[in-house]
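Written out below as structure tokens is the structure these notes cover.
The values are calculated or read from the model by the stated rules, or taken from the named source; none is laboratory data. Quick caveat: nothing in here was measured; it's all calculated off a predicted structure. Cβ placement follows ideal geometry from the backbone for every residue including glycine, while neighbour counts extend to all protein chains displayed.
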Amino acid sequence: MTDQVQTPSSNGAGADIDAVETTEWLEAVDAVVEHDGPDRARQILARAVQRAQLAGSGPIASITTPYVNTIPADREAQLPGDPLLERRVRSIVRWNAMAMVVRANKLSSELGGHIASFQSLATLYEVGFNHFWHAPSDEHGGDLVYFQGHSSPGNYARAYLEGRLTEQQLDGFRREVSTPDGLSSYPHPWLMPEFWQFPTVSLGIGAITSIYQARFMKYLHARAIAETEGRKVWAFIGDGEVDEPETMGSIGMAGREHLDNLIWVVNCNLQRLDGPVRGNGKIIQELEADFRGAGWNVIKVIWGTRWDPLLAEDHDGRLVKVMEECVDGEYQTYKSRDGAYVREYFFGKDPVLLERVAHMSDDDIWLLNRGGLDQQKVYAAYHEAVRHTGQPTVILAKTIKGYGMGVSGEGQMITHQAKKMTEDALLAFRDRFELPLSDEQVRAAEYYKPPDDSPEMEFLRECRAKLGGSIPVRRMKAEPLEVPGLDAFKGQLEGSGEREISTTMAFVRVLAALLRDKKLGRHIVPVVPDESRTFGMEGMFRQIGIYSPVGQLYQPQDSEQLMFYKEDKHGQILEEGITEAGSTSSFIAAGTSYSTHGVPMIPFFIYYSMFGYQRVGDLVWAAADSRTRGFMLGGTAGRTTLNGEGLQHEDGHSHVLFSVVPSCRAYDPTFGYEVAVIIQDGLRRMVAEQEDVFYYITLLNENYQHPAMPDGAQEGILRGMYLLRPSSRDGGPRVQLLGSGAILNEVLAAAELLESDFGVAADVWSATSFTELRRDGIEIERWNMLHPLEEPRRAYVTEQLEGRDGPVVASTDYIRTFADQVRQWVPGRYRVLGTDGFGRSDFRRGLRRFFEVDRHYVAVAALKELADDGTIEPQRVVDAIERYEINADAPMPTTV
Ligand SMILES: Cc1ncc(C[n+]2csc(CCOP(=O)(O)OP(=O)(O)O)c2C)c(N)n1
Ligand SMILES: [Mg+2]
């Protein structure tokens, strides 16, 4: 077998080694066409092509190959060592994984867990653990394995054998609150930060993030930031999971970027949760076409070693024909029955085949195994996959869901959720996998670990020692980087003077300053889904380059210009094209680089705020679970600020959505100095202090003048509010006005109206983060509840507003829920204005009036609160409504 596997080109192009022979063949084709017509020629050629493919030619003018293993039996690399010993170790892992779930559910069925999925995967995992997957060590940076989420019992069972987990911990599976070292249900770095690296259980998330991880490793290498060559990304994906758009949506990128450091293993156990994945078709053939079309190297591992003699004898193609005719629904049913059934309903489809297996007993037929459950076949596939160059590889491995569960689930429709095994099934499991357990031990589902000096344990230890230690293992911190002080952003702190700029422009300047920073600059990763020009970042194309694995093979149309579109092998920008899901995956890869690669990288992922959480919420959740550090920037945010774009673009709720993510710090700044303070502090927390948080910052495209930072504002900016402009008026009615984002300018204008038109003093506060204020509030409230005899603490909002006269009114460009978050800590009356309803297009002024968040509404709201307080006459509110020409009977914006 050759070391480097090349996919034969599909049209057979290349040097002709025997032109005379070729001519003879072509003449023969011509003759058939002439005598019997083109249909007959196609028939013969199709047969000839199939014959060649069966001999291992690979695809020829067709995107799929016959329903047999891609690697012919005589070209397989051989599994080293003692196959029986390896099987024994695997059987023990199988047992313990099953026992964990059975034991947890003996306690209570409330805890749940899955047995069937791992039993179908065990061989695929164990061959990897024993022979392929490197742990990070001095010699190797470590492979990254995205394990199938709901197969976690298999990982725990192996960690137990490796001495990483105790029996007590296994018994704490899914009991993280009541047991000291409980094990998380699924892979969650948040919950087990030294063990799990990648959250995968939301189906599709592991798939897409693994692709962008592989790409990020190439990027780090190209930029000479980390040595990632030789490291592989492996991802285990369910055959049902491929229906998720996140799973298949980016496979084209992996092909296009030649990610030969990426290996996917699709566990084709033919079943999902409810039933068959493709009962009426064949998932393996379908995926073969999809992946090959996307430029992947496809290795099908369908049949086990015991089929080899039957396939070798199949000169007339009758066996392969039946294999191809059977649909997955039938294949599932076969494995839920027995050898006699397989003889009758599979081989019985062709009397000649029945004859061929006549010498085999029903038991022999039952033992005809599937490729993904055959360690030799799996080894051969992995061996080839890790050596393949120029393309990512997908291994399509056919397995059996619930393998070994017998009557309690093997190949059965219900198997996915089976958490219990009958006593008979447990005993049969023990016998089938030859485990040295007494009936008593089996009934109690006792864990089993062979003695330390047994050949099994020695084998296990040796294998992992050779590969550098145990996996999965997660690094929690890297060497911190030095973060520039606030003075690096002097331009923003001093304000814009007469110039009108947007916070997006302010941000781009902050970013430019960071890129210039000698220490931090190269660690910055701008991630953009085709919106750089929208945000005025196109100057960076030329300056730092757009990463491309092949550089730039064309002269760009704008090459004459100073800031031309520059693609570069060492480029720094990740220009992702129009994929927020892909960009978020890059954000995760970069933002967890401190852990996976030991080098902190700082992603600045900028996108249209409406196409953020709303579009890729589950990936954001995965980012948080992964302990991603970095900045997400919701550009052109606000329901009335991105004025002309209408219902689909105008975001009035992304802040509310981000407020649900515990490790996200979300801000809605108005001025350049606020942007600078927030980003500088974010860098301090994430890069210097290595806190596992990330930031969501909304940016605006509205231009206005930015003042210099008021003295002492810094703490308030970070905690969520500060007094921006106190009224100079003493005595008389007074109000406290809060605002954020672009609406803060309306609030400032409202303060002027109140003072000039109604003689009301208004203090104006910039509320940079209602979400942070709420976090502080609930924490204080909880402390006070639990410490009833102690001096009560005060929430930051209360501390700021207490002792200041008058009701409080808040207005933002977000739905009312946003500013409402702090209601219970606001002393006195609190009225919130917001942009509830669907967005629409118009001038900003019109939109702010329509959504009732503009200066006039703020003034009216403030007067109404004063009237309700008894401070002024209600007639004054009527005056204001008239004066500002407000239609009191306009419909609610939510209803139109
Ligand atoms: C996004 C998402 N939707 C639904 C689920 C619930 N779920 C967990 S496993 C599963 C079936 C998975 O089938 P498959 O991918 O074939 O994996 P198998 O267990 O067969 O290996 C479902 C629907 C989930 N975890 N994530
Ligand atoms: Mg499945």
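Hey, among PRO193, PRO199, which residue is out of contact with any helix residue (DSSP H, G or I) (no Cβ under 8 Å at 6 or more places or on another chain), assigned to a loop (DSSP other than H, G, I, E, B) and modelled with pLDDT of 95 or more?
Selected residue: PRO193, the only one of PRO193, PRO199 that is out of contact with any helix residue (DSSP H, G or I) (no Cβ under 8 Å at 6 or more places or on another chain), assigned to a loop (DSSP other than H, G, I, E, B) and modelled with pLDDT of 95 or more.
Across region 155-169, what is the total count of residues that are touching a residue at least 40 places away in the same chain (Cβ under 8 Å), assigned to a loop (DSSP other than H, G, I, E, B) and buried (at least 20 other Cβ atoms within 10 Å of the Cβ)?
0
List every residue pair whose Cβ atoms lie under 6 Å apart, where the two residues are 6 or more positions apart in sequence or sit on different chains, the first residue falls within region 268-279 and is within 13 Å of LYS335 (Cα to Cα), and the second residue, located anywhere, is near ligand 1 (Cβ under 8 Å from one of its atoms) and among the small types (Gly, Ala, Ser).
Close Cβ pairs satisfying both conditions: ASN269/SER120.
Which numbered condition trips up VAL677, out of (1) touching a Leu at 6+ places or on another chain (Cβ under 8 Å); (2) surrounded by fewer than 21 Cβ atoms within 10 Å (Cβ to Cβ); (3) part of a helix (DSSP H, G or I)?
With (1) touching a Leu at 6+ places or on another chain (Cβ under 8 Å); (2) surrounded by fewer than 21 Cβ atoms within 10 Å (Cβ to Cβ); (3) part of a helix (DSSP H, G or I) applied to VAL677, the lone miss is (2).
Against the condition assigned to a helix (DSSP H, G or I), within 16 Å of ligand 2 (Cβ to nearest atom) and buried (at least 21 other Cβ atoms within 10 Å of the Cβ), how does ALA254 come out, does it pass?
Criteria not met by ALA254.
Quick one: in region 389-404, which of the residues that are more than 15 Å from ligand 1 (Cβ to nearest atom) and part of a loop (DSSP other than H, G, I, E, B) is nearest to the chain's Cα centre (by Cα)?
It comes out as PRO392.
Being without any contact (Cβ under 8 Å) to a residue 24 or more places away in the chain and charged (D, E, K, R) is the filter here, so list the residues in region 753-786 that pass it.
Matches in region 753-786: ARG775, GLU779, ARG782.
Test of understanding: among GLU176, GLU229, which residue is within 26 Å of ILE544 (Cβ to Cβ), in a loop (DSSP other than H, G, I, E, B) and without any contact (Cβ under 8 Å) to a residue 60 or more places away in the chain?
Going through GLU176, GLU229 in turn, just one is within 26 Å of ILE544 (Cβ to Cβ), in a loop (DSSP other than H, G, I, E, B) and without any contact (Cβ under 8 Å) to a residue 60 or more places away in the chain: GLU229.
From PHE195, PHE236, PHE216, grab the single residue that is within 30 Å of LYS419 (Cβ to Cβ), within 21 Å of the chain's Cα centre (by Cα) and away from ligand 2 (no atom under 16 Å from the Cβ).
Going through PHE195, PHE236, PHE216 in turn, the sole match is PHE195.
Only one of (1) within 30 Å of LEU515 (Cα to Cα); (2) out of contact with any helix residue (DSSP H, G or I) (no Cβ under 6 Å at 6 or more places or on another chain) fails for HIS383. Which number is that?
The number of the failed condition is (1).
Residue under question is GLY275, and the condition is that it be over 20 Å from ASN69 (Cα atoms), within 16 Å of ligand 1 (Cβ to nearest atom) and of a type in the set (Gly, Ala, Ser); does it hold?
yes
May I ask you to list the residues in region 103-156 that are away from ligand 2 (no atom under 16 Å from the Cβ), modelled with pLDDT under 95 and in contact with a helix residue (DSSP H, G or I) (Cβ under 7 Å, 6 or more places away or on another chain)?
Correct list: ARG103, LEU111, GLY113.
Among the helices (runs of 4 or more DSSP H) confined wholly to region 482-556, which include 2 or more residues that are buried (at least 21 other Cβ atoms within 10 Å of the Cβ) and β-branched (Val, Ile, Thr)?
Where helices (runs of 4 or more DSSP H) fall fully within region 482-556 and carry at least 2 residues being buried (at least 21 other Cβ atoms within 10 Å of the Cβ) and β-branched (Val, Ile, Thr), they are 503-516.
Given the structure, is PHE236 touching a residue at least 24 places away in the same chain (Cβ under 8 Å) and assigned to a strand (DSSP E or B)?
Considered against the rule, which asks whether it is touching a residue at least 24 places away in the same chain (Cβ under 8 Å) and assigned to a strand (DSSP E or B), PHE236 comes out as yes.
Taking the stated definitions as given, is ARG343 more than 16 Å from ligand 1 (Cβ to nearest atom), touching a strand residue (DSSP E or B) at 6+ places or on another chain (Cβ under 7 Å) and of a type in the set (Lys, Arg)?
So ARG343 does not fit the description; no.
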